[in-house]
Amino acid sequence: MAAKGKWTVVFEDRSVQKGTGIRYVIDDDVFWSQSKFSNIWAIQYGTSVTSDEVEYRDNTPHSSYADANLGDFQEFITRWDSIHLTRIQEEWDNSPGNVSTNLPFANEEEKIATLGPRPTSYSSS
């Protein structure tokens, strides 16, 4: 496998990982069943155009992402961003209270003053 990229995609478990951080499983059968992905095992992306690597399930030699002709990598990033936004919104929604006082938030205004507004978008770009 290529040097660790900014993104790793593993087709066996339908996961996309950002750097060495958070990995999300993308639950979208239609997306993963595209014919262009049928022989792909993994992708390392975001190292450089020449070292981004696509690994195949069979004996096909690994190739660069550009040579694999898989389309815009942004389709993976967009799906990851969507799941991540849901996660950070849930964290905001479920925040138990003010950590400095160990008390629940008195109201929405205090929550916003402490945590900032509820996230409405997220972009890895």
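The values are calculated or read from the model by the stated rules, or taken from the named source; none is laboratory data. Just so it is clear, the structure is predicted and the values come from calculations on it, not from any experiment. Note: ideal-geometry Cβ built from the backbone for every residue, glycine included; neighbour counts use all protein chains shown.
Of all residues in segment 94-125, those satisfying the criterion of being charged (D, E, K, R) and either at pLDDT 95 or above or surrounded by 10 or more Cβ atoms within 10 Å (Cβ to Cβ) (or both) are Glu110, Lys111, Arg118.
Each row is one residue, and each column tells you yes or no for (1) under 19 Å from Ser125 (Cβ atoms); (2) among the hydroxyl-bearing types (Ser, Thr, Tyr); (3) touching a Gly at 6+ places or on another chain (Cβ under 7 Å); (4) in a loop (DSSP other than H, G, I, E, B).
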{"position": "Gly21", "(1), (2), (3), (4)": "yes, no, no, yes"}
{"position": "Ala42", "(1), (2), (3), (4)": "no, no, no, no"}
{"position": "Val54", "(1), (2), (3), (4)": "no, no, no, no"}
{"position": "Pro61", "(1), (2), (3), (4)": "no, no, no, yes"}
{"position": "Ile77", "(1), (2), (3), (4)": "yes, no, no, no"}
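If you filter segment 7-41 down to residues that are over 20 Å from His62 (Cβ atoms) and among the small types (Gly, Ala, Ser), you find that the one that is farthest from the chain's Cα centre (by Cα) is Ser33. A Cβ distance below 9 Å, combined with a sequence gap of six or more or placement on separate chains, defines the contacts here; from segment 22-50, residues that are in contact (Cβ under 8 Å) with a residue 60 or more places away in the chain and surrounded by 11 or more Cβ atoms within 10 Å (Cβ to Cβ) reach residues that are of a type in the set (A, V, I, L, M) and not in a helix (DSSP H, G or I) in the pairs Tyr24/Val16. I'm checking my understanding of the structure. Among residues of segment 51-66 that are more than 15 Å from Thr8 (Cβ to Cβ) and touching a residue at least 12 places away in the same chain (Cβ under 8 Å), which one is surrounded by the fewest Cβ atoms within 10 Å (Cβ to Cβ)? Residue satisfying both the conditions and the ranking: Asp58.
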